[in-house]
Amino acid sequence: MRLIVPTLLLSIVCGTFAATALAQGVPAATLRLGDSGAQVLMLQQALNQSPDTAVAISGIGSPGMESTYFGAKTLDAVKRYQNKYRTQILVPAGLASPTGIVGPLTLAMLQKGASASAIPAASATTSASAVVSMSPAVATSTSPINLYIAAINKAGVAQGYASSTLSLITAKILATSASTTDFQAQFFKEQQALYQKQVSIEMSKPLAVRILDNILASAEHFLMPDTAQAGVGLPFGGFVTYSNPFICDCPPGVTSIFVALPTPTPTSNLLLDYVDGTEAFSWYTLPALGVATLGTYEPGVLSCVTYVGDACVPVPAVGTITPETGSSPLP
């Protein structure tokens, strides 16, 4: 009896959902890799309503050219959709990562999106395009995210990015910023825990061993410099006013991107990539907001990569921070 009642209720709910979903042009059946048919077409059309979950930028699968086959591009788009709405889809299911299977929770979210007014979605797209079209000099807002987006577009234009690509990246930044606040706090909490663990390990060593380790590390750095950082390092310094570790969702996926923006100087107001855990000195607080940081970066080295449609694209930046950097929670 305990099983029959929930099953009956689920059947009623699913039946009602199916009728509503079909009326609104969203899929009503569970879909997965390899499926085909009209339900897949509706799925692709629903995913293509937002740039950051689009099946493809151009060609088959792109807006207006949706197909009836659930292939690798659709799978990737579904995973991005599930990640975008992880609180409504993944968390209730007890999942840590997206599956790419369009089940009841994903279907319910698609229906909710179809039920909502189309105006907010259009406004979000318009806002993203408006930010892209503004030159950094014209942008008057000094909010951290607007300064960050302005820096993204300034670097992107200088590096020859297409305006359509910058529009998609901007829309994705706005989406991740709106939906990942709690995850960002969790990310910083995990980074702090890792640092505290590292400190505990170091402090458990005898003083003589710690002194010897420092001497050996200094000698190794002097005699055998890191070949990966063989380029010319340029200085930078300032406060971290914005960071977004979730925009870098392509492999290797371990890079945070942030802007150091104190009062503008020749070595500040820079859009830089930071590889988590590579900070060599001080508190190891990067990329936490509000910290003061000082160090060097490798110009032209881009390490933050993001999904744009079905491709991985480097996020515009001026370079990647080298390990020769430190930070402090105080100015």
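Working note: Karplus 6.51/-1.76/1.60 with θ = phi - 60° gives the stretch 164-175 the couplings 5, 5, 5, 5, 5, 5, 4, 4, 5, 4, 4, 5 Hz, where Gly and Pro are set to x.
Given R₀ = 25 Å, FRET efficiency for Gln159-Ser328 by Cβ-Cβ distance, to 0.05?
Numbers: r = 31 Å, r/R0 = 1.26.
Once rounded, the FRET efficiency stands at 0.20.
Only lysines eight or more places from Lys79 in sequence, or on another chain, were considered; those with a Cα closer than 16 Å are Lys172.
FYI, it's all coordinate maths here, none of it is from the lab. All values reported here derive from a predicted model rather than from experimental measurement. We place every Cβ from the backbone using ideal geometry, glycine too, and count neighbours over all the protein chains shown.
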